[in-house]
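Written out below as structure tokens is the structure these notes cover.
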Amino acid sequence: MWAMNSFENKVVWITGASSGIGEALVQVFAREGAKLVLSARRIEELNRVKESLKIAEENIFILPLDLANTSTIDELTHRVISKFGRIDILINNGGMSQRSLTKDSPIEIDRKIMEVNFFGTVALTKSVLPHLLKQKSGNIIVISSIAGKFGFYFRSAYSASKHALHGFFESLRMEIYKDNVNVLIVCPGKIKTNISVNAITSDGSKHNKMDESTELGTSAEECARQIIQAIKNNKEEIFIGGKELRSVWVKRFFPNLFSKIIRKQKPE
């Protein structure tokens, strides 16, 4: 595959575009001259993001999407194709986090997280995939997490959903490589967004608290910059963050040491 030098006039569909990493990616792609499809549940927040951009009206499409409701996804994909004629880059960024102990979380919470983070992402990808294969070009980006490499306190279902993404998209990458469609899995560590604030607890309510380590994390803007560069270079997997990324290396090569270290970490 050839490296991509420019995003000018590329059609980029971003889920979770109303805040955090998604919003930061919108800003960067807009500066790069891309045509944008912005999706999330909250249309008022999508419009807020749109109004912050210096982009021609015909080059942006606001398309509300709830990843928990996959029944409308094919219709939404058809609307994007009808407007722009193609999709070049799909960024699966939408999702939810968790802050609840496994023993306190009813199975309905596990199912909700899996439905949004895994099945919603898979359904959207499967809807867009035939168009990428027909074009013989495209990029699929999946925003996972270092929690997709190991579990942590209060995140059993969240971590499970991210692990599942790795299995699915690594398999998909092998299947479509010959069709010139690249799959990039992004594993952020601590990124300064509202992910912990919006995380759901055991009763389904919002956590409504900013984790201390998240507050001190890498900026969403820096995260977006590194993702953009990885897409340009046709990377397959990247890790973004600070010293917390060392945990992935320790887990891989020294699993017993990892277990001893991680149990001493402050649960949050």
Looking at (1) within 27 Å of I261 (Cβ to Cβ); (2) part of a helix (DSSP H, G or I); (3) over 16 Å from the mean Cα position of the chain (by Cα), find the lone condition where H131 falls short.
(1)
When the stretch 159-212 is checked residue by residue, the ones that are of a type in the set (V, I, T), over 20 Å from I113 (Cβ atoms) and surrounded by fewer than 18 Cβ atoms within 10 Å (Cβ to Cβ) are I176
Among the residues of the stretch 49-99, write down those that are basic (K, R) and within 20 Å of the chain's Cα centre (by Cα).
K50, R99
With the checklist (1) at pLDDT 95 or above; (2) touching a Lys or Arg at 6+ places or on another chain (Cβ under 9 Å); (3) of a type outside the set (F, W, Y); (4) within 19 Å of S159 (Cβ to Cβ) in hand, flag the one item P188 doesn't pass.
(2)
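Here are some residues: S161, S100. Which one is more than 21 Å from N182 (Cβ to Cβ), assigned to a loop (DSSP other than H, G, I, E, B) and touching a residue at least 40 places away in the same chain (Cβ under 8 Å)?
Numbers: S161 fails: assigned to a loop (DSSP other than H, G, I, E, B).
Selected residue: S100, the only one of S161, S100 that is more than 21 Å from N182 (Cβ to Cβ), assigned to a loop (DSSP other than H, G, I, E, B) and touching a residue at least 40 places away in the same chain (Cβ under 8 Å).
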Here's a check for you: in the stretch 175-194, which residue that is among the β-branched types (V, I, T) and under 12 Å from the mean Cα position of the chain (by Cα) is nearest to I146 (Cα to Cα)?
V186
Residue count, the stretch 134-157, condition in a helix (DSSP H, G or I) and over 20 Å from T70 (Cβ atoms), comes to 6
Return only the number of the condition from (1) farther than 20 Å from T193 by Cα; (2) among the hydrophobic types (A, V, I, L, M, F, W, C); (3) under 18 Å from the mean Cα position of the chain (by Cα) that V26 does not satisfy.
(1)
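The values are calculated or read from the model by the stated rules, or taken from the named source; none is laboratory data. Everything numeric in this text was worked out from a predicted model, so none of it was measured. Neighbour counts run over all protein chains shown; Cβ positions are idealised from the backbone, glycine included.
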